[in-house]
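Values in this text are rule-based calculations from the coordinates and carry no lab data. Worth saying up front: this structure is predicted, and the values here are computed from it rather than measured. Here the Cβ is made from the backbone with ideal geometry for all residues, glycine too, and neighbour counts use every protein chain on show.
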Amino acid sequence: MTPITLSTAIIRMLVSVALGAMIGVERQIHHHPAGFRTFTLICAASTLAMLVSVYVCQTNTDLLNGDPGRIAAQVLTGIGFIGAGLILKGNDGVSGLTTAACIFVCAVIGLAVGAGMLLLSAIITVVVVIILWSAYFVRKRDKEFKKPE
């Protein structure tokens, strides 16, 4: 495992901010409740949490139960609460599921960046943005072919 140094942490944080921003910009463009700032901050916070977790285990080798996965698990628990708050049930059905899922994915991307999995994180971010964009084309095409009632 690559030791966490100041330069390593800065690089990972910058990558995290860029990846979170990519997803956030897509959500912002389509006027969703969570956008650029939210996704950038979630990704950055998740990365920082993972960096701190790895750093604590790396610098305190005498810890009996030093496990970087513990903070990551708590990040995902917290993100679950944020996501649950975004899901709304109304007369028209359920809304906010995609935003909640995106927040969860963004947090996991941030954790992966913090753990040093930069290439995989970048690939997944591109895949997520492609999935989100493709949904708009499918929805638009579906509306064009619907018969009037």
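Summary table
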| read-out | value |
| --- | --- |
| Integer Hz, Karplus 6.51/-1.76/1.60 couplings in order for region 102-108, x for Gly and Pro | 5, 5, 4, 4, 5, 5, 5 |
| On Cα atoms only, tilt of 69-86 relative to the major axis of the chain in degrees | 20 |
| Residue-averaged 222 nm ellipticity for the chain, from DSSP H runs of 4+ at -39500 (n - 2.57), nearest 500 | -26500 deg cm²/dmol |
| Sequence-separation-based contact order of the chain, relative, with Cα cut under 8 Å and 6+ spacing, percent | 28 |
| Residues with amide H under 5 Å from that of M117, placed H, sequence gap 5 or more | none |
| GNM top mover of M13, M50, M117 - the chain, alpha-carbon springs below 10 Å | M117 |
| Structure-derived Rg/Rh (Cα atoms, Kirkwood Rh): which label, when the choices are (i) 1.08; (ii) 1.01; (iii) 1.26 | (i) |
| Helix 36-59 vs. the chain, principal-axis angle (Cα, 0 to 90°, nearest 10) | 20 |
| The chain: most fluctuating residue of V56, V138, V128 per GNM, C-alpha cutoff 10 Å | V138 |
| Theoretical FRET efficiency, 1/(1+(r/R0)^6), r = Cβ-Cβ of L118 and T61, R0 22 Å, to 0.05 | 0.30 |
| Inter-probe distance in nm under a simple model that places probes 7 Å from Cα toward Cβ, at L97 and V127 | 2.1 |
| Net charge dipole size for region 43-144 [Lys, Arg +1 and Asp, Glu -1 on Cβ; Debye, nearest 20] | 360 |
